[in-house]
Amino acid sequence: MSTEAPQQRLAETLDRPAAEFQAFAALQPAQLDLLAESILQTQQRQREALAKAIEDALGHIPMLLRGPVKKVLGIK
C-alpha cells in the first residue's frame, strides 16, 4: 500500500503542501492515519475551547449589548 494517500491526507488536514511531508514517508500508512486523526481531534477540541472562552468573555458584557458585539466581531 502506498503512503502517498495518507501523506496527502495529513497535508490536507494541516492545510500545507504535500511536499512538506516527504519526511513522513518512513511512517506506516496506519501511523500517518493515526497522526492525521489525532490532529483533527485536537483541532476540534481547540475550536470547542475557543468557543467556550468567547462565550465566557461575552458573559462580562450586558445582555442587550451581546448581539451587537457578536455582530461586530463576526461571531455567530
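Could you name every one of the helices (runs of 4 or more DSSP H) located completely within the chain that has at least 3 residues being surrounded by fewer than 12 Cβ atoms within 10 Å (Cβ to Cβ) and among the aliphatic types (A, V, I, L, M)?
29-58, 63-73
Testing Leu34 on (1) modelled with pLDDT of 90 or more; (2) touching a helix residue (DSSP H, G or I) at 6+ places or on another chain (Cβ under 8 Å); (3) hydrophobic (A, V, I, L, M, F, W, C), one condition comes back false. Which one is that?
Going through the list (1) modelled with pLDDT of 90 or more; (2) touching a helix residue (DSSP H, G or I) at 6+ places or on another chain (Cβ under 8 Å); (3) hydrophobic (A, V, I, L, M, F, W, C), Leu34 breaks only (2).
Enumerate the pairs (first residue in region 15-34 and in contact (Cβ under 8 Å) with a residue 24 or more places away in the chain and within 14 Å of Ala5 (Cβ to Cβ); second residue anywhere and part of a helix (DSSP H, G or I) and of a type in the set (A, V, I, L, M, F, W, C)) with beta-carbon separation below 7 Å, excluding pairs fewer than 6 apart on the same chain, so at least 6 apart or on different chains.
Every condition considered, the pairs that remain are Leu32/Leu10; Leu32/Phe24.
The values are calculated or read from the model by the stated rules, or taken from the named source; none is laboratory data. Because the structure is predicted, anything quoted here is derived from the model rather than measured. Positions of Cβ are generated from backbone atoms using ideal geometry, with glycine treated the same way; all protein chains shown enter the neighbour counts.
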